[in-house]
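Colleague: I am attaching a structure below and will ask some questions about it afterwards.
The values are calculated or read from the model by the stated rules, or taken from the named source; none is laboratory data. These numbers were taken from a predicted model, which means no experiment stands behind them. Here Cβ is always computed from backbone atoms with ideal geometry, including for glycine, and neighbour counts include all displayed protein chains.
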Amino acid sequence: MLLLVILLLPFAAATVSAFLPGGSRDRPAAVAGIATLAALLLTITQFGAINAGIVPQVRYAWLPAFGLDIILRMDGLAWVFTVLVLGIGLLVLLYARYYMSRRDPVHRFYAYVMAFMGAMLGVVLSGNLIQLVVFWELTSATSFLLIGYWQQRNDARRGARMAFTVTTVGGLCLLAGMLLLGHIAGSYELEQVLASGKLIRAHDWYLPTLILVALGALTKSAQFPFHFWLPHAMAAPTPVSSYLHSATMVKAGIFLLIRLWPALAGTPEWSWILGTAGVCTLLLGSWFAIFQYDMKGLLAYSTISHLGLITVLISIGTPSSVVAAIFHTVNHAIFKASLFMAVGIVDHETGTRDMRVLRGLRRAMPHTAALAVVASAAMAGVPFMNGFLSKEMFFAETMVVGGSDNWWMSVAAFVMGLFSVIYSLRFISVFFGPLAHDLPEAPHEPPRWMRAPIECLVLLCILVGVLPERVVGDILAMATRAVLGRDAPAFDLAIWHGVNLPLLMSVFALAGGVACYLLLKKRFGLAQRDRVPILHHIKGAQLYETTMLGLSLGAAWLVRLAGTRRLQPQLQILMAAFVVVPLLLAGPLVPWLLPPPEGFDPLFALLWLVGAGCAVAAAYQAKYHRLAALALVGGTGLATCVTFLWLSAPDLALTQLMVETVTTVLILLGLRWLPPRFRPAHLFTRAPASTQLRRTRDVAIAVTGGLALAAFSYAVLSRPSVPSISGFFVERALREGGGANVVNVLLVDFRGFDTMGEITVLSAVALTVYALLRRFRPAPESIRIPMQQANDVDPAITQKPAQQATSGYLMIQAVYLRFLLPVMGVIAVYFFMRGHNLPGGGFVAGLIFATTLIVQYMVAGTDWVESHLRLRPHRWIGGGLLCACATGLGAWLFNYPFLTSHTAHVTLPLLGALHVPSAFVFDMGVFLVVVGTTMLILVALAHQSLRSRRVPPGLSRAAAVANIPPAKEIR
């Protein structure tokens, strides 16, 4: 339970911060800081148990039929990364309190940061592969929001899109890899997968699994050739850069590779794939970092280089390399977070990060300069700094694995160490020399507490560098045991190991780096350099933009080739597919395509002959009178309804009947939006030959497509070899679902999650329709009744007595029809209450009640209904979704899978024994959503019709609603 609290605290803080009023930095910062501090303290309390070999774990049922449970576990590796995420996150939150401007929506910033923190904790604590992928994708989504926080800037939007696209594509590859990995291991639980390493490495699918998992990790950790997105993510606020690119976002890929090391490592493919990507990344990143003039850009490329270093260590595949990889991951997070914060202070207090104009800052900012120099020394690998120890271990591991034959890896490691010294010197060069006086703002020290997070991190750099065994020895050993188990090697974190080759490599890298920096500064003018020599043509971002442009152009070409704004060609393609696809699937015509003579029922055939006649007549009438066409379409729907009754499906018949009723009314309101198609003078005019030919073609395509699809459907349903799953639900509906109505039990129990998704989509559609129509106004010529035409058809408009008679008749009719409201309400309640055992249910009851309200709208107008009923469709929709979700969450409270249904039997004094299933609450949610969505769409259409329609003088609004459009303006 403690792990769940740790995971949920950031999400809770994100929710609270999002709803805090803007304009204040203190309240959201306090909420986020308190939640993070609490989670960090809870994590620290687990150190003793985890160090003793205990792995805290919680499990919640999720999809037990598929072997998927929500599992949270914290071993040594997860503990280290959790402390990094929470510890550095806490310092970043304090730093952001002083960095962010009051003009920014700071509450939104803290909400994004805390949501990202929770997503990262989900990745670290997940004990299930699919669950890990879910949180993995959540980190991509929240990082997109953080990188694009300053959405008014083009570079922020571009960087956010680029990061999101690359990492999401990698996430899809990771999902496929995890599915293969779980299939090979026989389980998606992390512990069993890690224990199945030999089985996985010996499987035929090992290589594709490794490639897919590696793609997910390499894209997230910005490894070659996917490294280009990280520098563009520097458009985010500096606290975001400090957090995402030191301890969280880019470290997710590193964590994944270390986590899956027991399952995937130890093969040549592992070493070559990761080793090649890592070596290219560390060399390119360090070389590009030397020639950056933006301080954050330099740190971005240095981050890429150090991530490549860690990837190389992981690829080596020896136990000692895992120790070095974990150690350098921790060290890099500490000094890189402090460096980003130092850059943020420089930018905040001087107004620029351009190293071409910055110089001499130590004179105005001595404390910040000292902190930045120490952190840069750790990044360069200077002795007595934490970076020196892990980089020396890196040199030693490349020598061990390479030996005398593969010396190229040691050379690459030495070159990277040389380059790191160069760009570290370039970074601190802004603090030396004469003070610049042409800066946007006069440089000065930041507020005391803005500098405090950097001081804490720099102090850690020194403590780990001077007292490594005491500070991180036990922590590193605990994390290593979590990955390697019994194979965990003994290691020595002493500062001095004697004079050896790794030490000499470190010394020569430092000395050579200083010499090369002085040479490059004199030769290339690093202070004014804005172009990378030799490799300047390697631009991954340009390749990405070219690829995205090619995809956009290709999509536009396909749209021009196969798409059209006209509905008729689209329907032609669709109906042609109905002809071709069933024939391709069914193959040659066989006897079972035709109905057997012994099963032929003339009455049933006559029913569908009537339905087909209605369909053909509707197509014909659509040319002249849309209202008649709509009535004929309703006849086809009634034929379908009777068919369901014929085939003993009363639930479907009820649903079909009510859907036909509601749809007819909604389409009637929609017809008011359409312009007239034909004038009366053209009704009996013979159409041109081309028009007749087009109509004949359309009829042929429609009839052929319908017949082909009907024949294919009949063939599939009538084949005896097709297995049916109906027996499964019939046998278990009453026993496991607590209801005799199999259809209703299927919808609210066995497939309750699908139903909840459907009502969610239905709600989204209704809200979208309402949002589109509430501000849209149709063209005047398409919505107004021409007064002269109206006078020609309806003399009641021009004759006042007839007007009064018509209006009075409609009002009397409206009074009588209002009595239908309680009656239909009782009928809706009746069908709702019986739905679990007899035909009915929430969907049918919702349609019945919605029809009742529709009748009130038709006879009394929207104003009367809203003033008397006070219907609020949005609240109905929200209440329905809450009821449906509450049912699922209620099952969770009792440790059952989401939306598990339970039945209780209670005895009441007057009513007697009652059987009350929990699905009743879920069905109530369906009822509320159906009523709310139907009425919301109706309100959107009806209001537009009434507001936009010019009502003739003397005619009541209710009469205008009920009045049939004039025949001369056929719609």
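This table checks each residue for (1) within 42 Å of the chain's Cα centre (by Cα); (2) more than 20 Å from Ala702 (Cα to Cα); (3) modelled with pLDDT of 85 or more; (4) not aliphatic (A, V, I, L, M).
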residue	(1), (2), (3), (4)
Leu609	no, no, yes, no
Val616	no, no, no, no
Gln621	no, no, no, yes
Leu627	no, yes, no, no
Leu632	no, no, yes, no
Gly635	no, no, yes, yes
Leu638	yes, yes, yes, no
Thr643	yes, yes, yes, yes
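Colleague: Look through segment 451-490, keep the residues that are modelled with pLDDT of 90 or more and touching a Pro at 6+ places or on another chain (Cβ under 7 Å), and return whichever of them is nearest to Leu90 (Cα to Cα).
Modeller: Val483
Colleague: Follow-up. Suppose we keep only residues that are of a type in the set (A, V, I, L, M) and surrounded by 23 or more Cβ atoms within 10 Å (Cβ to Cβ) within segment 737-757. Which one would you say is farthest from Gly925 (Cα to Cα)?
Modeller: That would be Val745.
Colleague: Criterion first (under 26 Å from the mean Cα position of the chain (by Cα) and either in a strand (DSSP E or B) or modelled with pLDDT of 90 or more (or both)) does Ala14 satisfy it?
Modeller: yes
Colleague: Sort out which residues of segment 467-482 are buried (at least 21 other Cβ atoms within 10 Å of the Cβ) and small (Gly, Ala, Ser), and write them in order of number.
Modeller: Scanning segment 467-482 gives Ala479, Ala482.
To keep it simple, each residue is scored yes or no on (1) modelled with pLDDT under 90; (2) closer than 21 Å to Val213 by Cβ.
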position: Leu274; (1), (2): no, yes
position: Val279; (1), (2): no, yes
position: Gly285; (1), (2): no, no
position: Gln292; (1), (2): yes, no
position: Lys296; (1), (2): no, no
position: Leu299; (1), (2): no, no
position: Ile314; (1), (2): no, yes
position: Ala325; (1), (2): no, yes
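Colleague: Also: Applying the selection to segment 4-34, what residues are more than 17 Å from His107 (Cα to Cα) and in contact with a helix residue (DSSP H, G or I) (Cβ under 6 Å, 6 or more places away or on another chain)?
Modeller: Once the filter is applied, which keeps residues that are more than 17 Å from His107 (Cα to Cα) and in contact with a helix residue (DSSP H, G or I) (Cβ under 6 Å, 6 or more places away or on another chain), segment 4-34 yields Ile6, Leu7.
Colleague: Kindly indicate the residue of segment 834-888 that is at pLDDT 75 or above and at positive phi and also surrounded by the fewest Cβ atoms within 10 Å (Cβ to Cβ) among those meeting that condition.
Modeller: Result: Gly840.
Each row is one residue, and each column tells you yes or no for (1) closer than 23 Å to Asp487 by Cβ; (2) within 24 Å of the chain's Cα centre (by Cα); (3) outside the structural domain of Ala413 (by TED's automatic domain parsing).
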position: Ala233; (1), (2), (3): no, yes, yes
position: Thr248; (1), (2), (3): no, yes, yes
position: Lys251; (1), (2), (3): no, yes, yes
position: Leu283; (1), (2), (3): no, no, no
position: Ala289; (1), (2), (3): no, no, no
position: Ala300; (1), (2), (3): no, no, no
position: Thr303; (1), (2), (3): no, no, no
position: Leu307; (1), (2), (3): no, no, no
position: His328; (1), (2), (3): yes, no, no
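Colleague: Would you check which residues across segment 69-101 are in a strand (DSSP E or B) and over 26 Å from the mean Cα position of the chain (by Cα) and list them?
Modeller: None; the set is empty.
Colleague: Let me ask you something else. Can you name every residue in segment 116-128 that is surrounded by fewer than 24 Cβ atoms within 10 Å (Cβ to Cβ) and of a type in the set (A, V, I, L, M, F, W, C)?
Modeller: none
Colleague: Take segment 182-203 and flag every residue that is more than 16 Å from Gly266 (Cα to Cα) and either assigned to a loop (DSSP other than H, G, I, E, B) or of a type outside the set (Val, Ile, Thr) (or both).
Modeller: Matches in segment 182-203: Gly182, His183, Ala185, Gly186, Ser187, Tyr188, Glu189, Leu190, Glu191, Gln192.
Colleague: Kindly indicate whether any position in segment 68-76 is at pLDDT below 95, outside the structural domain of Gly890 (by TED's automatic domain parsing) and at positive phi.
Modeller: No: zero hits.
Condition check ((1) assigned to a helix (DSSP H, G or I); (2) surrounded by fewer than 24 Cβ atoms within 10 Å (Cβ to Cβ)) across all residues:
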residue	(1), (2)
Leu230	yes, no
Val240	yes, no
Gly253	yes, no
Gly266	no, yes
Ile273	yes, yes
Gly278	yes, no
Ala300	yes, no
Ile304	yes, no
Thr311	yes, no
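Colleague: Residues in segment 36-54: is at least one under 25 Å from the mean Cα position of the chain (by Cα), at pLDDT 95 or above, under 24 Å from Tyr99 (Cα atoms) and not in a loop (DSSP other than H, G, I, E, B)?
Modeller: Within segment 36-54, one or more residues are under 25 Å from the mean Cα position of the chain (by Cα), at pLDDT 95 or above, under 24 Å from Tyr99 (Cα atoms) and not in a loop (DSSP other than H, G, I, E, B).
Colleague: Any residue in segment 402-418 that is surrounded by fewer than 20 Cβ atoms within 10 Å (Cβ to Cβ) and within 39 Å of the chain's Cα centre (by Cα)?
Modeller: No; the residues of segment 402-418 include none that is surrounded by fewer than 20 Cβ atoms within 10 Å (Cβ to Cβ) and within 39 Å of the chain's Cα centre (by Cα).
Colleague: Identify all residues within segment 142-156 that are in a helix (DSSP H, G or I) and either touching a residue at least 60 places away in the same chain (Cβ under 8 Å) or surrounded by fewer than 16 Cβ atoms within 10 Å (Cβ to Cβ) (or both); write none if there are none.
Modeller: Result: Ser143, Leu146, Ile147, Asn154, Asp155, Ala156.
Colleague: Right, something else. Take the conditions of a type outside the set (D, E, K, R) and surrounded by fewer than 18 Cβ atoms within 10 Å (Cβ to Cβ) and apply them to His183. Does it pass?
Modeller: yes
Colleague: If you go through segment 148-164, how many residues are closer than 16 Å to Ser221 by Cβ and not small (Gly, Ala, Ser)?
Modeller: So the count comes out to 2.
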